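Read the structure below first, then the notes.
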Amino acid sequence: GFGSQAEYGIQDKKLSEKDPLLATTQYGISKVASYFSSLSLCKLYGIKSTWIRLFDPYGPGDADYWFIPTIISSISSGKSPKLTSCEQMWDFIFIDDVTSGIIALINNEASGIYNIGSGSVISLKKVVEIIDDIMGNPINITFGDVPYRKDQIMHLESSIDKICAKTGWRPMVDIYTGLELTIKKASIL
């Protein structure tokens, strides 16, 4: 099953599969409920189960309302996106690395809970600056026009030690390359 980093809620540390589930959003709460329900059913019927907690995947074809596609769209239309101060530190992972992680789990017949993320963080501000740099647009981007939400996650980082130890998998696409591929496939360059 596919879960989400949202299951962990707001925790200011690198998150491992052993950390408590403290979901604060309806999305996170529904993922926690799905996790417990699906694993209970698998146990009841003697089915091996694997639950993947995805950290922030991105790449070509992503929904246009997510952070990275919104930034790309705004810059491509010559507009400065409406942003917080973008001090959040997040764990982004390119979609090709997500799929290779899933394949590694399948090939190794892994069961249990596994985080899939990059295992490192980057500020949202830096992500915006990289996108702007790749697109070569002279837009004056302003930060801080939008206030942080009360439940804003400021630090979102995965521990990928468990999947790496089980399968030997490691993310291969760095953030710059991933953003460049995302922008090129969006036919914006």
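The values are calculated or read from the model by the stated rules, or taken from the named source; none is laboratory data. Computed from a predicted model, the values in this text were never measured in an experiment. Virtual Cβ from ideal backbone geometry, glycine too; neighbours counted across all protein chains shown. To get the accessible areas, we keep the full protein, side chains included, count just its heavy atoms, and leave off ligands, DNA and RNA. Shrake-Rupley method; radii C 1.70, N 1.55, O 1.52, S 1.80 Å.
Summary of values
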| quantity | calculated |
| --- | --- |
| Answer residue from the stretch 104-127, given it is out of contact with any Asp or Glu (no Cβ under 9 Å at 6 or more places or on another chain) and part of a loop (DSSP other than H, G, I, E, B) and is farthest from Ser37 (Cα to Cα) among those | Asn108 |
| Filter result for Ile52 (within 15 Å of the chain's Cα centre (by Cα), buried (at least 17 other Cβ atoms within 10 Å of the Cβ) and among the hydrophobic types (A, V, I, L, M, F, W, C)) | yes |
| Selected residue (only one of Thr70, Thr25 is open to solvent by 40 Å² or more (accessible area, probe 1.4 Å) and in contact with a Pro (Cβ under 8 Å, 6 or more places away or on another chain)) | Thr70 |
| Test result for Ala165, out of contact with any Phe, Trp or Tyr (no Cβ under 7 Å at 6 or more places or on another chain), open to solvent by 70 Å² or more (accessible area, probe 1.4 Å) and under 30 Å from Ser38 (Cα atoms) | yes |
| Checklist (1) under 16 Å from Lys185 (Cα atoms); (2) in contact (Cβ under 8 Å) with a residue 12 or more places away in the chain applied to Ser73, failing item | (2) |
| Members of the stretch 89-122 that are in contact (Cβ under 8 Å) with a residue 12 or more places away in the chain, over 23 Å from His155 (Cα atoms) and open to solvent by 20 Å² or more (accessible area, probe 1.4 Å) | Asp96, Ser100, Ile102, Asn107, Asn108, Glu109, Ser111, Gly112 |
